[in-house]
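Please treat every number below as a calculation from the coordinates, not as lab data. Note that this is a predicted model, so its numbers are computed, not measured. Ideal geometry is used to build each Cβ from the backbone, glycine not excepted, and the neighbour counts take in all protein chains shown.
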Amino acid sequence: MRKIFLILAAVVIIIPGFVFAQENQPVKKKAVYFYSQTCPHCERVNSYFESQGIYDKYDIQKIETSGPYNLDYLNKFFDVFNVQPENRGYPVIFFDDKMIFGDQPIIDNFMKEIDQVPATEFPTPELIKQNLDIKNANIANMGNNSIPIPILMLAALTDASNPCALAVLILLLATVIASKGKRQALLSGLLFSLAIFLSYFLMGIGVYKAITVFSIPKYLSLVIGVFSILIGLANLKDVFWYGKYFIMEVPLSWRPKMQAILKKVSNPIGAFGVGFVVSLFLVPCASGPYVVILGLLAQKVNTARTLPLLILYNFIFILPMLVITFAMYFGSRMGKIEKWRQKNLRVLHLIAGAIMLFIGGYLIYTWI
């Protein structure tokens, strides 16, 4: 009875320990290697694998290609990677969803590349195709995904409500009305708004291209989020301490020059030309939200998707300019509109600050 008990105890202790040890042994990564016995390049790869202990470290299935079945099987692998018939040959090795062709590329890159992928199964043409389809679908989804439209619209509304952009238009319309009347002022306001739209759209494309030239770090969303919060705080500063230290509008030292330029405009063509010049004055006060959006768009690097979004952003940006222009034409006085703008300066900065704080918080939250 005692012997039976000892045997059962040994079984209970030894067998689970053996099974546990087997399960915890590292699983070798798997690859399929096609070669020919008469190929000197294949012999070079084989010698390298043996000298480096690669056959021991990895589970490599070697397939000699002299037989018609094996050659047909190799061609199925090449078909998955769309390799032209004239470019096929050996030695070639497949693992995960990758292919390395040629002796020197295999010697230089095999261990480095296989260590970067799971390679838990022997590859087959069907399995590789499945993996490649999934990877391509993910890449396509990344390219098609962009920033949420509500975030873009909120940033554009922040830009659109900027007091300095509205002040510039009001001064322009008042100048043209005084010299040419409402009809000319209407055309001037529309062409001025169009010039601002084109100028900011082109600047946006330039900044977007400049950002995408460099590799985008994974923490760019975090940086943009922090930048957005800083813009929000700067606007909130103008709510409580307007004019102290700095203002989120056209710098005071620039205003006399800008006003002198605007007062010289007397016709729609002049308003269109001045719009491009004045857009440079607006950069300090109306570029923060735009830079935030451009940074987010640059992470996607999808120009076809970016251009319509830039058009939408800049249309929202000039929308208040269009509203003021038509309001003027249908009876509103520029003095009354300017008085409203002056009275609500702090409210406009409060709205801009709150929106930018929200966008910054959203970006940091989604990054974390």
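Once the Cβ-Cβ distance of VAL277 and VAL223 is raised to the sixth power relative to R0 = 25 Å, the FRET efficiency obtained is 0.20. What the pair-distance distribution of region 24-133 shows, using all Cα-Cα distances binned every 5 Å from zero, is 2, 12, 24, 27, 21, 11, 4, 1, 0, 0 percent.
Distance between the pseudo-spin-label points of GLN184 and GLN342 (7 Å out from Cα toward the beta carbon): 2.6 nm. With a Förster radius of 41 Å applied to the C-beta separation of TYR365 and LYS62, the computed FRET efficiency comes to 0.20. Rounded to 0.05, the FRET efficiency of the LYS264 and ILE311 pair, given R0 = 30 Å and the Cβ-Cβ distance, is 0.45.
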